[in-house]
1. Taking segment 201-213, which residues are farther than 14 Å from S135 by Cα and in a loop (DSSP other than H, G, I, E, B)?
2. Examine segment 144-166 for a residue that is assigned to a helix (DSSP H, G or I), open to solvent by 30 Å² or more (accessible area, probe 1.4 Å) and either β-branched (V, I, T) or more than 24 Å from K58 (Cα to Cα) (or both), and state whether such a residue exists.
3. Exactly one condition in (1) among the hydrophobic types (A, V, I, L, M, F, W, C); (2) in contact (Cβ under 8 Å) with a residue 40 or more places away in the chain; (3) surrounded by fewer than 22 Cβ atoms within 10 Å (Cβ to Cβ); (4) under 18 Å from D183 (Cβ atoms) is false for F140; which is it?
4. Open to solvent by less than 40 Å² (accessible area, probe 1.4 Å), β-branched (V, I, T) and without any contact (Cβ under 8 Å) to a residue 24 or more places away in the chain - does that describe any residue in segment 7-18?
5. Quick check on my filter: what residues within segment 66-83 are open to solvent by 10 Å² or more (accessible area, probe 1.4 Å) and either in contact (Cβ under 8 Å) with a residue 24 or more places away in the chain or acidic (D, E) (or both)?
6. Please enumerate the residues belonging to segment 84-137 that are free of Cβ contacts under 8 Å to residues at least 40 places away in the same chain and of a type in the set (F, W, Y).
7. Which of the residues that make up segment 188-200 are open to solvent by 10 Å² or more (accessible area, probe 1.4 Å) and either over 17 Å from C134 (Cβ atoms) or hydroxyl-bearing (S, T, Y) (or both)?
8. Small (G, A, S) and more than 16 Å from the chain's Cα centre (by Cα): which single residue out of S135, S128, S193 fits that description?
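The values are calculated or read from the model by the stated rules, or taken from the named source; none is laboratory data. Please read all numbers here as calculations on a predicted model, not as lab measurements. Every residue, glycine as well, gets a Cβ built from its backbone with ideal geometry; the counts of neighbours run over all protein chains shown. To get the accessible areas, we keep the full protein, side chains included, count just its heavy atoms, and leave off ligands, DNA and RNA. Shrake-Rupley method; radii C 1.70, N 1.55, O 1.52, S 1.80 Å.
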Amino acid sequence: MDGRPFTAAPLSWDLIQQGVMHTVYRGVPCYKSPFDLAIYLQLLARLRPRSVLEIGTKHGGSALFFADMLAADGIDGRVLTVDIDPPAAFYDPRVEVLEGDALDLGSALTDDLLATLDHPILVVEDSSHQFDACSAVLEFFDRWLHPGDYIVVEDGIVSQLSGRRYERYADGPNRAVAAFLRDRPGRYEIDTSLCDLYGRNATYNPNAWLRRR
């Protein structure tokens, strides 16, 4: 055993991030923390969404995860994922991949398309993590969400990660969520049962699991 102790190392967001960036789901990169994968399982089982809209596809791992988990829960739902540069290598017949920009979602997610979506709806904002993009996504979906629907703004954790690569986000997700909630008092609530499932804001999405009231 080479003296390897049985005690757990202290948790470090920087070390967790190293693992996140090497996480795959069914062979496809899926850059979500173990906390959030588990929290999404709780939310999917509770909400039983008929529509999941993901803004920011990357390699497609999380879209595949959502499609599989809906099926595992016996939910007849749709998964749509939007990216400014959709991955050509990713394909799954249950996932609708659309090309679009978080700053101009209406071009990809037209009124006619959104009108066909069944509720409950889960929106996952996982695009550029910049303040303008996060704010644009929140504002775009505000008129489409019904009471009980959820929108999750991912990766506010960037403000707590070390390294210059994370400084460029300028705390965008957290600032966008704070401004959005401030401008719409009483319209949304932070689901603290999800944010705090493993400890206060033990999630990559602090205070950003939002339920429409």
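1. N201, A202, T203, Y204, N205, P206, N207, R213, listed by residue number.
2. no
3. So the condition that F140 fails would be (2).
4. Taking segment 7-18 as the starting set, the residues that turn out to be open to solvent by less than 40 Å² (accessible area, probe 1.4 Å) are 12, 16-17.
If we keep only those that are β-branched (V, I, T) as well, we get 16.
Subsequent filtering for residues that are without any contact (Cβ under 8 Å) to a residue 24 or more places away in the chain retains 16.
Scanning segment 7-18 turns up at least one residue that is open to solvent by less than 40 Å² (accessible area, probe 1.4 Å), β-branched (V, I, T) and without any contact (Cβ under 8 Å) to a residue 24 or more places away in the chain.
5. Going through segment 66-83, the residues open to solvent by 10 Å² or more (accessible area, probe 1.4 Å) turn out to be 68-69, 71-78, 83.
Within segment 66-83, D68, M69, D73, I75, D76, G77, R78, D83 meet the criteria.
6. Y91
7. Once the filter is applied, which keeps residues that are open to solvent by 10 Å² or more (accessible area, probe 1.4 Å) and either over 17 Å from C134 (Cβ atoms) or hydroxyl-bearing (S, T, Y) (or both), segment 188-200 yields Y188, E189, T192, S193, D196, L197, Y198, G199, R200.
8. Working: S135 fails: more than 16 Å from the chain's Cα centre (by Cα); S128 fails: more than 16 Å from the chain's Cα centre (by Cα).
Exactly one residue qualifies, and that residue is S193.
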